[in-house]
Amino acid sequence: VLDNLNTHRPGALYETYPPAHARRILDKLEFHYTPVHGSWLNMAEIEINVLSRQCLDRRIPDAATLQQEVAAWVGDRNKKKSQINWQFTTEDARIKLYRLYPSIDD
């Protein structure tokens with residue numbers, strides 16, 4: 001899952017690696033771009049950060065173990081009903097992103 005940063009594109013791999021190596025990497029990836037604007041992206045980034053700190057902060061030997069560890073972490077988070085306390089309100093968004101909101105002239 002990628003935001004729309006200009007470096008988040010397949011061509012960046014070809015700029016960094018030899019073509020054959022870049023192709024091998026790309027064959028293993030599936031790109032999913034996020035919307036340009038949306039607070040859910042921030043919440044997803046927070047959740048991924050928590051996952052990284054609580055579950056992925058060590059060497060995991062293989063994909064099967066990774067899947068088991070993440071599934072156990074997700075199950076525990078769901079059981080605890082963990083939440084993100086998102087405090088970016090619509091009013092805050094209208095102030096910060098005023099250029100994106102239409103103005104209503106009376």
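The values are calculated or read from the model by the stated rules, or taken from the named source; none is laboratory data. Computed from a predicted structure; not experimentally measured. Heads up, the Cβs are rebuilt from the backbone with ideal geometry, glycines too, and the neighbour counts pull from every protein chain shown. Each accessible area value is taken on the protein alone, full model and side chains, heavy atoms only, with ligands, DNA and RNA left out. Shrake-Rupley method; radii C 1.70, N 1.55, O 1.52, S 1.80 Å.
Here are the criteria: (1) more than 28 Å from R9 (Cβ to Cβ); (2) free of Cβ contacts under 8 Å to residues at least 12 places away in the same chain. Tell me which single one I84 does not satisfy.
All conditions are met except number (2).
So, of the residues in segment 26-39 that are exposed (fewer than 12 other Cβ atoms within 10 Å of the Cβ) and among the hydrophobic types (A, V, I, L, M, F, W, C), which turns out to be modelled with the highest pLDDT?
Only one residue tops the list, namely L29.
Scanning segment 58-106 for residues that are more than 17 Å from I48 (Cβ to Cβ) and in contact with a helix residue (DSSP H, G or I) (Cβ under 6 Å, 6 or more places away or on another chain), which turns out modelled with the highest pLDDT?
Residue satisfying both the conditions and the ranking: F88.
Quick check: anything in segment 66-75 closer than 22 Å to W40 by Cα, open to solvent by 60 Å² or more (accessible area, probe 1.4 Å) and part of a loop (DSSP other than H, G, I, E, B)?
Checked against the condition, which is being closer than 22 Å to W40 by Cα, open to solvent by 60 Å² or more (accessible area, probe 1.4 Å) and part of a loop (DSSP other than H, G, I, E, B), segment 66-75 yields no hits at all.
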